[in-house]
Amino acid sequence: MSAPGTGASAASPSHVSVIDGVLRIAVATAENGTSLSPAGVDQGTAALRAAGPEIRAVLLVGEGSNFCAGGNVRGFAGADDRRAHVGDIARRFHEFVLALDAVGVPIVAAVHGWAAGAGMSIVLHADIALGGPSTKLRPAYPSIGYTPDGGMSWTLPRVVGIARAREMILTDTVLGADEAVRLGVLSRLVADDEIESEALRIARTLANGPTAAYAGIRRLVGDSQHRTLAEQLDAELESISSAAVSPTGIEGANAFVEKRRPDFTSLERD
């Protein structure tokens, strides 16, 4: 079914749906060579901002031969005012990135084929990114004389280190699947024809887990780059102490002692 708040119509097909608590967002379609979909970005932003407790995980996919081959360069070149056009696309894309960052639930990306430019930027915002043997990633911006958007200049140094990130973007390095896993850009590989089904399985599993704890984990990991070890230990102390008396923490600990499976889903929907 379509997620609420997407504004999809017959003229603008829905790029979002909800499956068992998982918000599925198609960031690209076969249209325009699987380039970044402005409609998918806008609908995804609206759905992420409107997400309530029924949304417990996010799945990012591409519908076509690639996950996302980057921005629509033909559209950039054909615009009457290139600065305004590219600036508008980037602004809308950045609203989507900020909504992903703020959603609080785990984000899984099913990365098949190419993830280039904006597509690679999106992959870097996923908590778990699955690829296959045929998956390839590429910054792509220098090839058209552009600089990164979608946060790549912020996320990539945090994943691979600033020196490696600088080299990768400047030389427009193509990452094969194995190298992407080695560097931590992709989490792991599965068969090419199983990428989306396995990503959906993981997202569904996460959707049945302790959402409040996941949000705390994402905050701790995300904020760790800006803290000293002592500051991070203080944050962990506060977080785990609060978790111990939260409904999620109480249910989890009680279920462990009682040797039963914890029921986080119904608990967090109350």
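For the reader, a short list of remarks on this structure follows.
- For Leu59, nonlocal amide neighbours, meaning residues 5 or more places apart or on other chains whose placed amide H falls under 5 Å from its own, are Leu23, Arg24, Ile25, Val108.
- Volume per residue of the C-alpha convex hull in the stretch 123-193, rounded to whole Å³: 86
- Per residue value of the accessible surface for the chain (all protein chains in place, 1.4 Å probe), Å²: 50
- Zone of Arg166's modelled label, taken as backbone nitrogen in the stretch 99-122 under 20 Å from a point 7 Å along Cα→Cβ: none
- Compactness of the chain, taken as the C-alpha radius of gyration over 2.2 N^0.38 Å, stands at 1.04.
- Only Cα pairs under 8 Å and 6+ residues apart enter the sum, and on that basis the relative contact order of the stretch 69-125 stands at 56 percent.
- Measuring r between the beta carbons of Asn208 and Lys259 and using R0 = 22 Å, the FRET efficiency lands at 0.70.
- Take every Cα pair under 8 Å whose residues are at least 6 apart in sequence, average their separation, divide by the length of the stretch 25-88, and the relative contact order is 42 percent.
- Solvent accessible area, Å² - His85, 1.4 Å probe, full protein context: 60
- Charge context of Ala116, other residues only, Cβ under 11 angstrom, K/R +1, D/E -1: +1
- When only Cα pairs below 8 angstrom with a gap of at least 6 residues are kept, the chain shows a relative contact order of 16 percent.
- Dipole of the chain, positive end: most advanced residue of Pro53, Leu233, Gly113 [Cβ charges, Cα centre]: Gly113
- Backbone N under 17 Å from the Asp88 label point (7 Å along Cα→Cβ), restricted to the stretch 16-44: 36-43
- Loop-located trypsin sites (Lys or Arg not before Pro) in the stretch 175-227, at most 15 other Cβ atoms within 10 Å (DSSP): Arg227
- The residues neighbouring Asn66, those whose beta-carbon lies less than 14 Å from its own, together hold a net charge of -2 under the Lys/Arg +1, Asp/Glu -1 convention.
- In plain terms, the chain from Asp234 to Asp193 could stretch by 10.3 nm, reckoned as 0.36 nm per residue minus the Cα-Cα distance.
- For the stretch 114-270, the Stokes-Einstein estimate of translational diffusion at 37 °C and a viscosity of 0.692 mPa s comes to 183 µm²/s, using the Kirkwood hydrodynamic radius over alpha-carbon pairs.
The values are calculated or read from the model by the stated rules, or taken from the named source; none is laboratory data. Here the structure is a predicted model, which is why all the values come from computation and not from measurement. When we count neighbours, we look across all protein chains shown, and the Cβ atoms used for this are built from the backbone with ideal geometry, even at glycine. Areas reflect the complete protein model, heavy atoms only, side chains present, ligands, DNA and RNA absent. Shrake-Rupley method; radii C 1.70, N 1.55, O 1.52, S 1.80 Å.
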